[in-house]
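The values are calculated or read from the model by the stated rules, or taken from the named source; none is laboratory data. If you're wondering where the values come from, they're calculated on a predicted model, not measured in any experiment. When we count neighbours, we look across all protein chains shown, and the Cβ atoms used for this are built from the backbone with ideal geometry, even at glycine. Just the protein is used for accessible areas: all its heavy atoms, side chains included, with ligands, DNA and RNA removed. Shrake-Rupley method; radii C 1.70, N 1.55, O 1.52, S 1.80 Å.
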Amino acid sequence: MRERKKPEDLRSARWFAPDDLRSFGHRSRMMQLGYGEEDFANRPIIGVLNTWSELNTCHAHFRERVQDVKRGVLQAGAFAVELPSLSVDESFIKPTSMLYRNLLAIETEEMIRCHPLDGVVLMGGCDKTTPGLVMGAISAGVPMIYLPAGPMLRGNYAGKSLGSGSDAWKYWDERRAGNISDAEWLGIQGGIARSAGTCMTMGTASTMTAIADAMGLTLPGASSIPAVDSEHQRMSAACGRRIVEMVWEDLTPDQIITEGACRNAAVVAMATGCSTNAVVHLIAMARRAGINLTLDDLDALGRITPLIANVRPSGKDYLMEDFYYAGGLRALMKQMEDRLDLSVLTVTGKTMGENLQGAKVYNADVIRPLSNPVYEEGSLAVLRGNLCPGGAVIKPAACDPKFHVHQGPALVFDSYPEMKKAVDDENLDITPDHVMVLRNAGPHGGPGFPEWGMLPIPKALIKQGHRDMLRISDARMSGTSYGACVLHVAPESYIGGPLALLKTGDIVRLDLPNRRLDMLVDEGELARRRAAWVAPAPRFERGYGHIFLKHVTQADKGCDFDFLETGFGRSAGEPEIY
Ligand code: FES
């Protein structure tokens, strides 16, 4: 039993308790808001960091949901304040939301640090919001609980269920092939996103909230609850109640985010057929907590972890709503508990093993037993070779197996517009054996590491009936994407990585069983090309983009800022109050 904090030990007491002029000012300003000392003194002050915005469709319900959180906080005898936080949405932010994950992390850390908060509820869900909020809160170090937005309802059109992203790509290819009418296309547009909530495939959002759940940062199983289910409201109020107890128990993130918790998160991510983006975010989150999780660790887990969540895009048939009805993440974790560290502590104050007690699978086709997985292995593989000495990733389960060992001539594009123009050219000189390559699409080159990695199949091949081919880039791809796409090539081409030296016509070889990706060009020729390479101008000369380019690390290190991970697991400390 942990010793409970006393009111005078609360962090917020430093702002409100002393009998001095500064604290008089703080108290009088709370009274300006209409609160008396009985509201805020001698009780935890809980910050609710809300990433709601009118342009974040995945968080559309957060405006109301925050009231449920506050209700829970009040019920537990504490005081809640809502703090609007940078709403990094996936749909509208350009050039890419990834440019702003670290900005959200900085904002989160500093908002917590500079305010009189004893604990925080983090309201996020849309892709980058989970790692951004969690990274910042790890560095801030006060008790925190993560409240996942929850997936939206399944898409529906003309009797077919539609999956976010995945079915957009699929039907877009059919439209380009001339198989879909204008009216059908409009119907799909209206039916693919039917409610508030995050993408309901096992894309980046569902992967990242599952990771937060598996790390012990959410109430057990919270990540699977659909956004518009009334259970989501009850879970939100429970988050409010629980964070107050966490403050009294002084249950800080460093006690929860341990090596065991990170490993659990990685295993669960593999078992769900995780988005490749999970690699970058999981590494970044772990490094903030002082844990050196590497690409090779993830590859090793990818080789031995069966994919048991039959949820698209890696799974065949189902979506997140089905996953919830089948028992959700608790059931999946229960199914594989002998592969997890059950002793790790979680936000409940109990161990992961205790949290999983009683969890059951209700549909063994959605959450498969380990003896009947969707794939024996293959959520994720890490490649090395002379094209990617710092690593690259591929999702073997999501690509046509005939590409697992493949050799073909490269067709190289230096920019997205150049590539887009070519793929729309019905007379493009290309064969199914070609390897399409897009470079200058990494953290520096994109800029910001955009999700361009699922390069569209050229129209010339679509018309011949081809729907997959080997593609390579230093970009990321959406978690809802699929296909034989090698991603996150590091170091990226824009800073002189070997991808910058590749020429159209060079032979590229992928050997997935041996985890190799190489260009078959001799060393002397590569040395000549390297000597002739000229570094391009930085993409930003001013503003936040300038800071980003100066400090972002490469994909294999999680793309955090170098100055934020300095000190590995340490925050900037408490502010002085004078
Ligand atoms: Fe927000 Fe996909 S756009 S989760």
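Grab the other residues whose beta carbon is less than 12 angstrom from that of ALA422, score K and R as +1, D and E as -1, and report the net.
Its environment carries a net charge of -3.
Going by a ≥ b ≥ c, the root eigenvalues of the Cα gyration tensor, does region 63-114 fall in the rounded group (a/c under 1.5), the prolate group (a/b larger than b/c) or the oblate group?
oblate
Using only the heavy atoms of the protein chains and a 1.4 Å probe, how would ARG14, ARG515 rank by accessible area, largest first?
Sorted descending by solvent-accessible area, the residues read ARG14, ARG515.
For ALA537 and CYS114, calculate 0.36 nm times their separation in residues minus their Cα-Cα distance, and state this gained length in nm to one decimal.
That pair, ALA537 and CYS114, stretches by 148.6 nm at full extension.
If I take every Cα pair under 8 Å that is 6 or more residues apart in region 192-338, average their sequence separation and divide by the length, what percent do I get for the relative contact order?
33 percent
Residues with beta-carbon under 12 Å from that of ALA289, excluding ALA289: net charge, scoring Lys, Arg +1 and Asp, Glu -1?
Around ALA289, the charge tally is -1.
So which GluC sites (Glu not before Pro) in region 394-485 pass both tests, a DSSP loop state and at most 14 other Cβ atoms within 10 Å of the Cβ?
In loop regions of region 394-485 (DSSP not H, G, I, E or B), the sparsely surrounded GluC sites (Glu not before Pro) are GLU426.
Going by a 4.7 Å Cβ-Cβ cut-off, which cysteines of the chain have no partner at all?
Flagged as lacking a Cys partner: CYS114, CYS199, CYS239, CYS262, CYS274, CYS388, CYS399, CYS485, CYS559.
For ASP474, what is the net charge nearby, where nearby means another residue's Cβ is under 11 Å from its Cβ and Lys, Arg count +1, Asp, Glu -1?
It works out to a net charge of +1.
If you rank TRP452, TRP169, TRP15 by how much accessible surface each has, with a 1.4 Å probe, what is the order from largest down?
Details: TRP452 65, TRP169 90, TRP15 20 Å².
The ordering from most to least exposed comes out as TRP169, TRP452, TRP15.
At 1.4 Å probe size, with no ligands or nucleic acids counted, give the accessible surface of ARG439 in Å², nearest ten.
About 30 Å², rounded to the nearest 10.
What does the C-alpha gyration tensor say about the overall shape of region 377-476? Classify as rounded when a/c is under 1.5, otherwise prolate if a/b is larger than b/c, or oblate.
oblate
Can you pull the accessible area of ASP433 for me, 1.4 Å probe, Å² to the nearest 10?
90 Å²
222 nm [θ] for the chain, helices only, -39500 (n - 2.57) per DSSP H run of 4+, per residue, to 500?
Counting only the DSSP helices, I get -10500 deg cm²/dmol.
Could you tell me how far the Cα centroid of region 413-464 sits from the Cα centroid of region 1-56, in Å?
53 Å
Put +1 on the Cβ of every Lys and Arg and -1 on every Asp and Glu Cβ in the chain; which of GLY327, SER53, GLY155 then has its Cα farthest towards the positive end of the dipole?
Working it through, the farthest residue towards the positive pole turns out to be GLY155.
Could you tell me which of the pairs LYS6/LYS334; LYS128/LYS170; LYS94/LYS395; LYS70/LYS395; LYS70/LYS316 are separated by over 30 angstrom between their Cα atoms in the structure shown?
Distance filter (> 30 Å) returns LYS6/LYS334; LYS70/LYS395; LYS70/LYS316.
Test of the criteria: in region 459-540, which GluC sites (Glu not before Pro) are in a DSSP loop and have at most 11 other Cβ atoms within 10 angstrom of their Cβ?
none
Run the reach check for LYS402 against aspartates and glutamates, Cα to Cα strictly under 15 Å, same-chain hits fewer than 8 apart removed. What comes back?
Within reach: ASP433, ASP468, ASP511.
With a cut-off of 8 Å between alpha carbons and a minimum separation of six or more residues, what is the relative contact order of region 100-146 in percent?
Averaging sequence separation for qualifying contacts and normalising by length gives 53 percent for region 100-146.
Hey, what's region 255-397 come to in accessible area per residue, 1.4 Å probe, Å²?
Here the residues of region 255-397 average 31 Å² of exposed surface.
With the Cα gyration tensor of region 324-386 giving a ≥ b ≥ c as the square roots of its eigenvalues, does the rule (a/c under 1.5 for rounded; else a/b larger than b/c for prolate; else oblate) give rounded, prolate or oblate?
Here region 324-386 falls in the oblate category.
Of all chymotrypsin sites (Phe, Trp or Tyr not before Pro) in region 28-115, which ones are in loop regions per DSSP and have a Cβ with at most 16 other Cβ atoms within 10 Å?
Counting only loop positions with at most 16 other Cβ atoms within 10 Å, the chymotrypsin sites (Phe, Trp or Tyr not before Pro) in region 28-115 are TYR35, PHE92.
Before I look further, what does region 75-208 give for accessible area per residue, probe 1.4 Å, in whole square angstrom? Before the final figure, lay out each step's value.
On the way: 4140 Å² over 134 residues.
In whole numbers, region 75-208 has 31 Å² accessible per residue.
Relative contact order of the chain, please, whole-number percent, based on alpha carbon pairs below 8 angstrom and at least 6 residues apart.
Averaging sequence separation for qualifying contacts and normalising by length gives 14 percent for the chain.
From largest accessible area down, sort THR276, THR431, THR504; use a 1.4 Å probe on the protein chains.
I get THR504, THR431, THR276, largest accessible area first.
Roll a 1.4 angstrom probe over the protein heavy atoms and tell me the percent of accessible area of the chain that is carbon or sulfur. Present the calculation step by step, with values, prior to reporting the outcome.
On the way: 11240 of 21870 Å².
That share works out to 51 percent.
Let me know the charge dipole size of the chain about its Cα centre in debye, to the nearest 20, where only the beta-carbon of Lys, Arg (+1) and Asp, Glu (-1) is charged.
In debye, rounded to 20, the chain gives about 260.
Report the accessible area of ARG287, computed with a 1.4 Å probe over the heavy atoms of all protein chains in place, in Å² rounded to the nearest 10.
Counting only protein heavy atoms, ARG287 exposes about 30 Å² to solvent.
Based on the Cα atoms of the chain, what semi-axes does the equivalent ellipsoid have, where each is the square root of 5 times one gyration tensor eigenvalue, given in whole Å with the largest first?
42, 26, 22
Over region 468-537, with the other protein chains present, what is the accessible area per residue in square angstrom, probe 1.4 angstrom?
36 Å²
Using 16 Å as the cut-off for backbone N distance, which residues of region 88-119 belong to the label zone defined by a point 7 Å from the Cα of ALA17 along Cα→Cβ?
In region 88-119, the label zone of ALA17 (backbone N under 16 Å from the point 7 Å along Cα→Cβ) covers 116-119.
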